[in-house]
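The values are calculated or read from the model by the stated rules, or taken from the named source; none is laboratory data. Values in this document were obtained by computation on a predicted structure and should not be read as measured data. Quick reminder, even Gly has a Cβ in these numbers, built from the backbone with ideal geometry, and neighbours come from all protein chains shown.
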Amino acid sequence: MSIDSPISLPREEVSTASMLSVILRRWPIVVGASLVAGGFALGGAFLVPPTYTAKTVILPPQQQQSSLSSALGSLGALAGFAGGMAGIKSPAEQYIALLSSETVSDRIIEQYGLAEVYDEQYRSDVRKKLLKSVAFTAGKKDSLITIEVDDKDPARAAKMANSYVDQLRLISNSLALSEAQQRRKFFEDKLEETKAALTRAQIGLQGSGFNPGAIKAEPKAAAETYSKLRAEAVAAETRLQSLRATFADNSPEVRSQATVLASIQAELSKLESAQVPRSDSDYVGKYREFKYQETLFDLFAKQYELARVDEGREGGLIQVVDPAQIPDKPAKPKKVAVALFGLIAGMVLSSIFVVRRSRT
């Protein structure tokens, strides 16, 4: 081997060292190209029409649990069913879904003529551009919903942000969305059913007649106990059906509720097997039915009123924390960020250029 032969170095070491050496020798070209690229990027940012962002912050209706929780203790098995109904997702997530719905989007599009603004022929394309121009975020701790709207016109951006709040009020008032509204609707239906059954039981009791043996039997205490137990059995069975729609039959939740129902039914069987004089059986049976329907009606009536109270507290009230104001400066493009990006891009490209040029 000749003395003058070059020492063999790892390819990566030679490559890295040579590239750095070339870039340092040609630094005026690299710096000049970087400055030119940054200048062009900054100039282009001034040519791009500015985009303004308007923001409004709202507090959606919160689910009320106080009245419901205070009353569940007196309802026995019915409390478990009402508690199961309350497994609803975060209200903020539901309201954001409403804000993103086609119904709200179409109303905003019509109100501000966005088909012409976005220069789109098809409604679906207008919706896509609108959804790209708005952002809905929910605070994890405070549940506040922030609505941000981007637009070339700052006044229109502010109006659109505030219009989203108005449209949310309109659509939320037309839907049974909250937990209290769902409870109110459920107990309202049950109240109507029980009212009709109570009327029939009352008519049957009045037609049974009163005789000395029936009066002597004094069925009031037993009938009230029986009616309450039967009402709990209905609620426990309803709860069991609800659980079976979600869980398997061998799951702990279903087996536990089935045990509760079996226990209540066993107690009912004991009461129903009690000996009643034949002459009094018609009256006592109808009295029991009447007290059962009356107890069930009272339970549903109380829960219906509580749900109405909670619904009134919610009242569809969407509180505006910060209304959207006309933005006084553009949010996009960010000129400094664009200039830095151009500067870095120019530096990278010019470095690649001088390295490749040195190898030719």
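Within the stretch 326-341, the residues that satisfy the criterion of being surrounded by 14 or more Cβ atoms within 10 Å (Cβ to Cβ), modelled with pLDDT of 80 or more and not aliphatic (A, V, I, L, M) are Pro327, Phe341. Residues in the stretch 42-77 that are in contact with a Phe, Trp or Tyr (Cβ under 9 Å, 6 or more places away or on another chain) and modelled with pLDDT of 75 or more: Thr56, Ile58, Pro60.
Might you check whether a residue that is out of contact with any helix residue (DSSP H, G or I) (no Cβ under 7 Å at 6 or more places or on another chain) and in contact (Cβ under 8 Å) with a residue 40 or more places away in the chain occurs anywhere in the stretch 127-134? No, because not a single residue in the stretch 127-134 is out of contact with any helix residue (DSSP H, G or I) (no Cβ under 7 Å at 6 or more places or on another chain) and in contact (Cβ under 8 Å) with a residue 40 or more places away in the chain.
Return yes or no: is Val254 part of a helix (DSSP H, G or I) and either under 17 Å from Ala233 (Cβ atoms) or at pLDDT 75 or above (or both)? Yes, satisfied. Only a single item in (1) surrounded by fewer than 19 Cβ atoms within 10 Å (Cβ to Cβ); (2) modelled with pLDDT under 80; (3) of a type in the set (Lys, Arg) is not met by Lys302, and it is number (2).
Checked against the criterion of being modelled with pLDDT of 75 or more, among the charged types (D, E, K, R) and either closer than 30 Å to Ser105 by Cβ or outside any helix (DSSP H, G or I) (or both), the stretch 200-218 contains not a single residue that satisfies it. From Ile147, Ile171, which residue is assigned to a helix (DSSP H, G or I) and within 25 Å of the chain's Cα centre (by Cα)? Result: Ile171 is the single residue among Ile147, Ile171 that is assigned to a helix (DSSP H, G or I) and within 25 Å of the chain's Cα centre (by Cα). With the structure loaded, tell me whether Val309 is modelled with pLDDT under 80 and surrounded by 19 or more Cβ atoms within 10 Å (Cβ to Cβ) or whether it fails that test. So Val309 fails the test. Among the numbered criteria (1) exposed (fewer than 13 other Cβ atoms within 10 Å of the Cβ); (2) outside the structural domain of Gly285 (by TED's automatic domain parsing); (3) at pLDDT 80 or above, which one does Asn173 miss? So Asn173 meets the others, but not (3).
Listed here are the residues, each with its yes/no results for (1) at pLDDT 80 or above; (2) of a type in the set (A, V, I, L, M, F, W, C); (3) surrounded by 14 or more Cβ atoms within 10 Å (Cβ to Cβ); (4) over 18 Å from Ala197 (Cα atoms).
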{"position": "Arg230", "(1), (2), (3), (4)": "no, no, yes, no"}
{"position": "Gln241", "(1), (2), (3), (4)": "no, no, no, yes"}
{"position": "Phe247", "(1), (2), (3), (4)": "no, yes, yes, yes"}
{"position": "Val260", "(1), (2), (3), (4)": "yes, yes, yes, yes"}
{"position": "Ala266", "(1), (2), (3), (4)": "yes, yes, no, yes"}
{"position": "Ala274", "(1), (2), (3), (4)": "no, yes, no, yes"}
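Summed over the stretch 93-141, residues that are touching a strand residue (DSSP E or B) at 6+ places or on another chain (Cβ under 8 Å) and part of a loop (DSSP other than H, G, I, E, B) total 2.
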